[in-house]
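The values are calculated or read from the model by the stated rules, or taken from the named source; none is laboratory data. On a predicted model such as this, the values are computed, not experimentally measured, just so you know. Neighbour counts are summed over all protein chains in view; Cβ atoms, including those assigned to glycine, are modelled from backbone coordinates with ideal geometry.
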Amino acid sequence: MNEAATPGPRFRRVLLKMSGEALMGDREFGHDRRVLRQLAEDCAAVHAMGVQLCLVIGGGNIVRGSTLAAAGVERSTADYMGMLGTVINALAVQSVIEQHVGIPTRVMSAIPMAAVCEPYIRRRAVRHLEKGRIVIFAAGTGNPYFTTDTAAALRAAEMGCDAILKGTQVDGVYSADPKRDPAAERYDHLTYLDVLARDLKVMDASAISLARESSIPIIVFSVHAPGAFARVLRGEGPHTIITEEALA
Ligand code: UDP
């Protein structure tokens with residue numbers, strides 16, 4: 001195949017956001033080794049396309065701040081516990097990417113933790129990406145009352161990412177939960193305003209607004225389909241893309 005016939009990656013630098021719960025697989029808590037290996041392989045396929053890669057992993061499989069707060073823990077403390085959970089996940093993902101697919105990674109935490117990982121320093125993060133390292137942003141935004149979705153939009157804006165990839169349980173954004181409503185319709189394309197006005201469950205509103213202000217498209221796809229991450233970056237396979245303008 002000649003070079004002109006080979007579609008190059010549409011994106012130079014992207015950020016993948018996955019919830020902590022996605023790492024659990026069928027387990028009740030923690031990590032499913034099989035899911036972690038799949039994630040590492042999917043990241044390796046994207047890295048091999050020459051795309052610079054950032055990751056933000058949630059913490060819902062370890063601690064969810066709102067659940068602890070409902071059980072009586074003071075809200076900010078509960079959220080700090082949640083952020084520490086995301087550091088545990090970042091270290092798990094770092095370990096599997098380096099051991100299983102051999103790509104150098106750096107974990108950068110919004111809450112400095114000198115003995116465990118690097119502190120988040122924007123210019124250093126950019127340098128790591130330029131050197132081909134996968135950068136895993138841990139501890140969310142470093143602030144209570146936020147989520148890792150907002151952290152994903154914030155870091156994507158700071159890193160100048162071309163897209164935020166949101167890996168979910170289903171293969172895009174639907175009009176209703178497709179697991180409960182067989183008539184639910186999947187959208188190929190939505191605008192940021194559609195998502196906000198219809199309160200579609202994609203990412204929280206502050207994350208959508210931040211992505212909108214920075215004009216970063218959000219691409220929603222299934223984390224369960226092996227290889228889907230690389231496919232959607234080539235514009236293939238089922239996914240929903242969210243942008244400012246309605247596509248013709
Ligand atoms: N969290 C926070 N500030 C942030 C990001 C996360 O306080 O900037 C806390 C919050 O308590 C949240 C928990 O960390 O419940 C885990 O993050 P999240 O719920 O976003 O994880 P996910 O649902 O993606 O697994």
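If you check every pair at least six apart or on different chains, which have Cβ atoms under 7 Å apart with a residue in region 218-234 that is on the phi > 0 side of the Ramachandran plot and surrounded by fewer than 18 Cβ atoms within 10 Å (Cβ to Cβ) first and a residue that is at pLDDT 95 or above and not in a strand (DSSP E or B) second?
227/42; 227/45
Which members of region 228-247 meet the condition of being at pLDDT 95 or above and not charged (D, E, K, R)?
228, 229, 230, 232, 233, 237, 238, 239, 240, 241, 242, 243
If I ask for residues that are in contact with a Ser or Thr (Cβ under 9 Å, 6 or more places away or on another chain) and either without any contact (Cβ under 8 Å) to a residue 60 or more places away in the chain or basic (Lys, Arg) (or both), which ones from region 128-139 would you list?
128, 133, 139
Filter region 81-108 down to the residues that are within 16 Å of the ligand (Cβ to nearest atom) and within 16 Å of the chain's Cα centre (by Cα) and list them by number. Spell out how you get there, then give the answer.
First, the residues of region 81-108 that are within 16 Å of the ligand (Cβ to nearest atom): 81-93, 107-108.
If the condition is that a residue be within 16 Å of the ligand (Cβ to nearest atom) and within 16 Å of the chain's Cα centre (by Cα), then 83, 85, 86, 87, 88, 89, 90, 91, 92, 93, 107, 108 are the ones that fit.
Hey, among 184, 205, 152, which residue is of a type in the set (A, V, I, L, M), free of Cβ contacts under 8 Å to residues at least 12 places away in the same chain and within 23 Å of residue 86 (Cβ to Cβ)?
205
Being of a type in the set (Gly, Ala, Ser) and not in a loop (DSSP other than H, G, I, E, B) is the filter here; which residues of region 78-136 pass it?
Once the filter is applied, which keeps residues that are of a type in the set (Gly, Ala, Ser) and not in a loop (DSSP other than H, G, I, E, B), region 78-136 yields 78, 82, 85, 90, 92, 95, 109, 125.
Across region 194-217, which residue is nearest to residue 163 (Cα to Cα) among those that are surrounded by fewer than 18 Cβ atoms within 10 Å (Cβ to Cβ) and of a type in the set (Lys, Arg)?
Applying the filter and picking the extreme gives 201.
Would you check which residues across region 31-73 are more than 15 Å from the chain's Cα centre (by Cα), among the acidic types (Asp, Glu) and not in a loop (DSSP other than H, G, I, E, B) and list them?
41 - this is the single residue of region 31-73 that is more than 15 Å from the chain's Cα centre (by Cα), among the acidic types (Asp, Glu) and not in a loop (DSSP other than H, G, I, E, B).
Please find, within region 138-163, the residue that is farthest from the ligand (Cβ to nearest atom) out of those that are assigned to a helix (DSSP H, G or I) and in contact with a strand residue (DSSP E or B) (Cβ under 7 Å, 6 or more places away or on another chain).
Checking each candidate, the answer is 159.
Within region 19-67, which residues are among the aromatic types (Phe, Trp, Tyr) and either buried (at least 22 other Cβ atoms within 10 Å of the Cβ) or farther than 16 Å from residue 86 by Cα (or both)?
Answer for region 19-67, where residues must be among the aromatic types (Phe, Trp, Tyr) and either buried (at least 22 other Cβ atoms within 10 Å of the Cβ) or farther than 16 Å from residue 86 by Cα (or both): there is none.
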